[in-house]
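Have a look at the structure below before the remarks.
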Amino acid sequence: MIGKADPNITTKKQKSMPLEIITLPCLSDNYSFLIHDGASGETAVVDVPEASVISAALQQRGWTLSHVFLTHHHWDHIDGLGDLLANHPAQVVGAKADAHRLPPLDLEVSEGDRFFLGGEIVEVLDVSGHTVGHIAFYLPETGAVFTADSLMALGCGRLFEGDPDMMWTSLSKLAALPANTIVCSGHEYTEANARFAVTIDPDNSALQTRIEDIAAARAEDRPTVPSILSDELATNPFLRGADPAIQAHLNMQGADPARVFEEIRKRKDNF
């Protein structure tokens, strides 16, 4: 069942087991995610780059798709939706602000809206910047956020539509979530992001360790997504515009963190 939660809700439906999250590599470097509530049998997919991978994963696990969560309108996040729905009818949830560019939605949502997936509340966050109208889906009880092309592993999305202040606001919102939050982002860009991150934060020992871990994972063809927010806070330069070491490295001591972010994003665009 999907439906908006009471904004004044103080209790939640009870689950007998935690939600299960499956990471699905799609296309050449995209990720989609299945979220399964074993108690109710409800299953959501976050973004649909291609239908075949998602259909195969559902069939393998014997799960029935009940919901589709769309983060933004770019083709590599929605192109498989028609084929997927043809074989797996489901309710489609997406941003009200982006509805004119998304496939038809059954539920249009905005910042602050909440609804149930099975026994758990899903909260909607506006994370515009990569696009205007980009949203993230946050599951506070499971401790996971689905960020697509806003916050990424060691990076953030290019600003195709938004401006630096908009993206900095979005990233700051995500950075304020609990540090143990699982960050489910939309692409396998982490190795390339790491090569750039070390040019901004060369003396960060946590970053150096993470780079080694990323290289080992990719050598074994293992995903580097999801990541943990605490790791992003410690190593992702796009979240760390207020960090004195980064500001000093950029000769921007005491600068507004949003301006530091803007400089980092500019350098990444030209990297």
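The values are calculated or read from the model by the stated rules, or taken from the named source; none is laboratory data. Everything quoted here is computed from the prediction, not taken from an experiment. Glycine also receives a Cβ, built like all others from the backbone with ideal geometry; neighbour counts cover every protein chain displayed.
For this structure, a couple of remarks:
- Set side by side, the residues 185, 170 differ, and just one is over 22 Å from residue 25 (Cα atoms), touching a residue at least 12 places away in the same chain (Cβ under 8 Å) and within 14 Å of the chain's Cα centre (by Cα), which is 170.
- Test result for residue 209, out of contact with any Cys (no Cβ under 6 Å at 6 or more places or on another chain) and touching a residue at least 24 places away in the same chain (Cβ under 8 Å): no
- The set of residues in the stretch 242-267 being among the polar types (S, T, N, Q) and assigned to a helix (DSSP H, G or I) consists of 247 alone.
- Condition met for residue 147 (on the phi < 0 side of the Ramachandran plot, modelled with pLDDT of 95 or more and out of contact with any strand residue (DSSP E or B) (no Cβ under 6 Å at 6 or more places or on another chain)): no
- Checked against the criterion of being at pLDDT below 95, of a type in the set (Gly, Ala, Ser) and surrounded by fewer than 23 Cβ atoms within 10 Å (Cβ to Cβ), the stretch 63-70 contains not a single residue that satisfies it.
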